[in-house]
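Student: Before we start, here is the structure in question, set down as structure tokens.
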Amino acid sequence: MTLKNLKTQDLQELIQEQLKLFIIENGLKSGDPFPSENELAEKLGISRTAIREALKRLETLGIIEVRPGVGRFIREFNFEAILNGLPYNLEMDIKNFQEVLEVRFCLESWFIAKDINKFTKENITELKEILKKLEFQVVNNFEEKELVETHSQFHCTLYKNSDNHLLINLIKIFSTIQRNLTLLHRYKTKDRSLFIRQHKLLLEAIEKRNPRLAQKRLREHFTEAINWAESHKGEKFSK
């Protein structure tokens, strides 16, 4: 492939797209070396500074990686970079929060039913211990952000036997967004006692190996947040 000489205002975006095409059209795969800044600058007909900035963005996207003293290489594909940046790249408005919440509910509902028979006695015991910690925090009026962290731990543990790391990472992302909302003093759990009760009922459904009941309990658990998002449509998150 011959890289095009770019002479437009939106240079950075175009450089990145050309570099992505270079990877695809040359069949580069994880572990393959990437051309040097000098080589790329010469082929594109632009400065090394512009090239360096574009390469940094590709690093952020998880497409290439730098090996100190060696050079740049194609990175093995993974969701890590995308997932880590997602909570901060989303525009802070209710619509995005609502969409993320709906995706989370649908994923959890599907996985809880699919893997209902994978729960062991040890899993149930671990979940009960986390729930006990959550209840302690509620009773002792811990800050909302601490509840969010323990709540995230509970939900991640629910799916530890699903062998799906993407799902776990997504739950963590959703929790980060919720924590951001809490810090902005926009959203927090209204009825904490009901919140704990809903999790206990969910655990009971899991112990009974009843997928439909477990999905029902999850839906009840998510109802408050979903209704809140629906009633605040169109609003921006602001301090």
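The values are calculated or read from the model by the stated rules, or taken from the named source; none is laboratory data. Quick caveat, the model's predicted, so the values are computed rather than measured. So basically every Cβ, Gly included, is an ideal-geometry build from the backbone, and we count neighbours across all protein chains shown.
Student: Out of (1) outside any helix (DSSP H, G or I); (2) modelled with pLDDT under 95, what's the single condition that is false for Arg209?
Tutor: (2)
Student: Mind listing just one residue for me: the one in the range 50-76 that is among the basic types (Lys, Arg) and in contact with a helix residue (DSSP H, G or I) (Cβ under 9 Å, 6 or more places away or on another chain) and, of those, nearest to Leu28 (Cα to Cα)?
Tutor: Restricting to residues being among the basic types (Lys, Arg) and in contact with a helix residue (DSSP H, G or I) (Cβ under 9 Å, 6 or more places away or on another chain), the top hit is Arg75.
Student: For Leu194, state whether it is modelled with pLDDT under 90 and either farther than 21 Å from Ile226 by Cβ or not β-branched (Val, Ile, Thr) (or both).
Tutor: So Leu194 does not fit the description; no.
Student: Criterion first (at pLDDT 85 or above, touching a strand residue (DSSP E or B) at 6+ places or on another chain (Cβ under 7 Å) and surrounded by 12 or more Cβ atoms within 10 Å (Cβ to Cβ)) does Ile116 satisfy it? Reasoning before the result, please.
Tutor: Working: at pLDDT 85 or above: yes; touching a strand residue (DSSP E or B) at 6+ places or on another chain (Cβ under 7 Å): no; surrounded by 12 or more Cβ atoms within 10 Å (Cβ to Cβ): yes.
The answer is no for Ile116.
Student: Would you call Thr176 in the same structural domain as Ile196 (by TED's automatic domain parsing), assigned to a helix (DSSP H, G or I), of a type outside the set (Lys, Arg) and in contact with a Leu (Cβ under 8 Å, 6 or more places away or on another chain)? It would help to see each step written out before you state the result.
Tutor: On the way: in the same structural domain as Ile196 (by TED's automatic domain parsing): yes; assigned to a helix (DSSP H, G or I): yes; of a type outside the set (Lys, Arg): yes; in contact with a Leu (Cβ under 8 Å, 6 or more places away or on another chain): no.
The answer is no for Thr176.
Student: So which pairs qualify, if the first residue must be in the range 107-118 and on the phi > 0 side of the Ramachandran plot, the second must be surrounded by fewer than 18 Cβ atoms within 10 Å (Cβ to Cβ) and of a type in the set (Lys, Arg), the Cβ gap must be under 7 Å, and the two must be at least 6 apart or on different chains?
Tutor: Short answer, once both residue conditions are applied: none.
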